[in-house]
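Worksheet: the structure to be examined is printed underneath.
The values are calculated or read from the model by the stated rules, or taken from the named source; none is laboratory data. It should be emphasised that the depicted structure is a prediction, and the values quoted were computed from it without experimental measurement. Ideal geometry is used to build each Cβ from the backbone, glycine not excepted, and the neighbour counts take in all protein chains shown.
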Amino acid sequence: MKHVLVTGGNGQLGTELKRYAWPDGWAVTAIDIDELDLRDTAAIAAMVASQPWAAVISAGAYTAVDKAESDIVTAWAVNAMAPAAFAEACAKAGIPIVQVSTDYVFDGARDGAWDVNDPVAPLGVYGASKLGGELAVRTSGARHAIVRTAWVVSAHGNNFIKTMLRVGATNPTLRVVDDQHGSPTSATDLAAALATITMRLVEDPAAPTGTYHFSNAGAVTWAGFAREIFAQSAARGGASAEVQGITTADYPTPATRPANSLLSHDAITRDYGIHPPAWQTALGNILDELLGAPKKDISQ
């Protein structure tokens, strides 16, 4: 039996990694803060050494983007020092690590999809701390895959889809930022991609390593995403609301967001044959779980 250690086990991605249909012979142990404090590097080393893991998927993170601006020490401990400790322990154990990272390592200051080799320039503490984690993993000596993602959503936890449905249920009109571009990422689809990469790294010593991007295919703004959420929700008998687009300047936040978070999938498709589904399809799958399948029109 090949055992994979997953951090952030109670988060959106960790939940989907637990739900993923791993093949026979594979098992996942997903841990969260109750089992392991990611600020404790000695405990991390002990956890990796506690049994013969096949691999580690480092999905746990400090993701409170705005709070990170005033909680720098914790953000760096969890997002940079913890991956460093995991990678060092994985190198010592001779096992691969799959590190989840973020579009926030880019400044978002140009058009087009970001390639894995494009220059990084994080705009805030969150992005800088995640970049610190990337650098630590790259220089650890461990076989690794760093997978950057963006705009993660699912039927679980707190995310944009669930927020829109909740707020839209009681507000006929919502104002949503319309000048930040990206692609939503289904945690279900991301988990499947991470599982594919992890199993290949474990089973094939010659498997490609390095940095990859995964999000669902296609581009949209947050306001456009909200409109599609309500269109698909209404088709399922759920909440519907009018969405008015606003600018980022109209909705100031402590942390600056990248204006363009589009990620190129060229590397992950080339090396692992992974073709992300369209974001609209991914959204429909999530809403099917939350609201049920679309209602059939029986009027005709």
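Go through region 92-111 residue by residue and tally those that are surrounded by fewer than 20 Cβ atoms within 10 Å (Cβ to Cβ) and either among the small types (Gly, Ala, Ser) or part of a strand (DSSP E or B) (or both).
3
Pull up region 154-192, narrow it to residues that are touching an Asp or Glu at 6+ places or on another chain (Cβ under 9 Å) and among the polar types (S, T, N, Q), then point me to the one that is nearest to Arg19 (Cα to Cα).
The selected residue is Thr188.
Take Ala82 and tell me if it is outside any strand (DSSP E or B) and either out of contact with any Ser or Thr (no Cβ under 8 Å at 6 or more places or on another chain) or farther than 24 Å from Asn159 by Cβ (or both).
no
Applying the selection to region 112-135, what residues are surrounded by fewer than 20 Cβ atoms within 10 Å (Cβ to Cβ) and among the aliphatic types (A, V, I, L, M)?
Listed by number, the residues that qualify are Ala113, Val116, Val120, Ala121, Leu123, Leu135.
Looking at Thr163, Thr173, Thr139, can you tell me which residue is over 22 Å from Thr63 (Cα atoms) and either free of Cβ contacts under 8 Å to residues at least 40 places away in the same chain or in contact with a helix residue (DSSP H, G or I) (Cβ under 7 Å, 6 or more places away or on another chain) (or both)?
Within the list Thr163, Thr173, Thr139, the selection yields Thr139.
With respect to Ala241, is the statement that it is among the small types (Gly, Ala, Ser), more than 16 Å from the chain's Cα centre (by Cα), closer than 25 Å to Arg166 by Cα and crowded, with 17+ Cβ neighbours inside 10 Å true?
Yes: the conditions hold for Ala241.
Hey, could you check region 267-279 for residues that are in contact with a Pro (Cβ under 9 Å, 6 or more places away or on another chain) and surrounded by 16 or more Cβ atoms within 10 Å (Cβ to Cβ) and say which is farthest from Met199 (Cα to Cα)?
Restricting to residues being in contact with a Pro (Cβ under 9 Å, 6 or more places away or on another chain) and surrounded by 16 or more Cβ atoms within 10 Å (Cβ to Cβ), the top hit is Trp279.
Enumerate the pairs (first residue in region 18-34 and without any contact (Cβ under 8 Å) to a residue 60 or more places away in the chain and within 14 Å of Pro52 (Cα to Cα); second residue anywhere and of a type in the set (A, V, I, L, M) and not in a helix (DSSP H, G or I)) with beta-carbon separation below 6 Å, excluding pairs fewer than 6 apart on the same chain, so at least 6 apart or on different chains.
Partner pairs satisfying both residue conditions: Ala27/Met1; Val28/Val4; Val28/Val6; Thr29/Leu5.
Test of understanding: among Ala80, Ala54, Ala49, Ala45, which residue is in contact (Cβ under 8 Å) with a residue 12 or more places away in the chain, surrounded by fewer than 24 Cβ atoms within 10 Å (Cβ to Cβ), in contact with a helix residue (DSSP H, G or I) (Cβ under 9 Å, 6 or more places away or on another chain) and under 13 Å from Thr29 (Cα atoms)?
Ala54
Working only within region 35-72, note down all residues that are within 24 Å of Trp151 (Cα to Cα) and assigned to a helix (DSSP H, G or I).
Matches in region 35-72: Lys67, Ala68, Glu69, Ile72.
Out of Leu38, Leu17, I need the residue that is at pLDDT 95 or above, farther than 23 Å from Leu135 by Cα and surrounded by 24 or more Cβ atoms within 10 Å (Cβ to Cβ). Which one?
Leu17
If a residue must be free of Cβ contacts under 8 Å to residues at least 60 places away in the same chain and touching a Leu at 6+ places or on another chain (Cβ under 6 Å), how many such residues does region 83-114 contain?
Adding up the residues that qualify gives 1.
Would you check if there is a residue in region 190-208 being in contact with a helix residue (DSSP H, G or I) (Cβ under 7 Å, 6 or more places away or on another chain), of a type outside the set (Phe, Trp, Tyr), assigned to a helix (DSSP H, G or I) and surrounded by fewer than 16 Cβ atoms within 10 Å (Cβ to Cβ)?
yes
In region 57-76, what residues are among the hydrophobic types (A, V, I, L, M, F, W, C), buried (at least 19 other Cβ atoms within 10 Å of the Cβ) and over 28 Å from Trp26 (Cα atoms)?
Residues satisfying the conditions are Val65, Ala68, Ala75, Trp76.
Among the residues of region 158-178, count how many are under 25 Å from Thr102 (Cβ atoms) and at pLDDT 95 or above.
Number of matching residues: 12.
Going by the conditions given, is Gly141 out of contact with any strand residue (DSSP E or B) (no Cβ under 7 Å at 6 or more places or on another chain) and at pLDDT below 95?
Criteria not met by Gly141.
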